[in-house]
Amino acid sequence: MEILIIDDHALFREGLKILLAQLGPDVVVTEVDSGQAAYEATQGNTEFDVALLDYHLPDQDGLSILSDLKVEAPELPVILLSAEEDPQLVQQALQQGASGFITKTSSAKVMVSAIKLVLSGGVYVPPLMVAPPVARPVPRPMGTGPKPTVDFKITERQQDVLSQMGLGLSNKEIARELDMSPSTVKVHVAAILKELDVKNRTQAVSKARDIGLID
């Protein structure tokens, strides 16, 4: 497994290398300290499995470098690293093709889990992008007698996505309707399936209608 670290702080790179060793004994790390060096490292190189990109670099900001990397190596998953906890910055990164955004205040366990998720083909979205969940009680079917109320914790944004799913829209179409990236929609859909305890979108929409979450 080959990982590219793009960060201008040697001490942080050393810490990352120690952390990345937890991914397995075959991890090979390449270090660069600028956007230009990252561009040169990826030219013609298709061996990298993931790139960890610092947002603040001396020659370019992370979003500019991300755009360059997605042109030079479009299949390379790139995770942005930043000390900033700005939802707008996270959204921009995801819209420009980042496979994840890890804040530098995250624990080692969270970082490793996020990198593993991206390596498996997923997208990591930090908790700061998730609004506090709102418990929505399931209405009791009429004529069935008293039943315990079941609460599903669906955020407002997930409710918006669920409503669009009910209209039969794809992730890309939902992204356009709600002005978010397809990768963010994918994260919300996965959370909805998990909360409703179903295996696919069709089951999610059917169950949501049955319990009154959508019309």
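Quick look at the numbers
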quantity	calculated
Relative contact order [Cα under 8 Å, 6+ residues apart], the chain, whole percent	14 percent
Net +/- balance of residues flanking Glu75 in space, Cβ distance below 15 Å, scoring K and R +1, D and E -1	-4
Fluctuation leader among Ser99, Ser170, Ser34 - the chain, Gaussian network, Cα springs under 10 angstrom	Ser170
Accessible area per residue, Å², the chain with all protein chains present, probe 1.4 Å	53 Å²
Residue-count net charge about Leu117 - beta-carbon cut-off 15 Å; Lys, Arg +1, Asp, Glu -1	+3
Relative contact order (%) - the range 2-129, alpha-carbon pairs under 8 angstrom, separation at least six	22 percent
Carbon and sulfur %, accessible surface of the chain computed with the full protein complex present, 1.4 Å	52 percent
Largest-first ordering by accessible area, 1.4 Å probe, given options His188, His9	His9, His188
Net charge contributed by nearby residues that have their C-beta within less than 13 Å of Phe101 (K/R +1, D/E -1)	-3
Per-bin percent of Cα-Cα distances, the range 81-132 [5 Å]	4, 22, 32, 27, 14, 1
Of Lys153/Lys207; Lys104/Lys186; Lys109/Lys194; Lys17/Lys116; Lys17/Lys104, pairs whose Cα-Cα distance is over 18 Å	Lys104/Lys186; Lys109/Lys194
For the range 156-211: relative contact order, % (alpha-carbon pairs under 8 angstrom, 6 or more apart)	33 percent
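The values are calculated or read from the model by the stated rules, or taken from the named source; none is laboratory data. It should be emphasised that the depicted structure is a prediction, and the values quoted were computed from it without experimental measurement. Note: ideal-geometry Cβ built from the backbone for every residue, glycine included; neighbour counts use all protein chains shown. Just the protein is used for accessible areas: all its heavy atoms, side chains included, with ligands, DNA and RNA removed. Shrake-Rupley method; radii C 1.70, N 1.55, O 1.52, S 1.80 Å.
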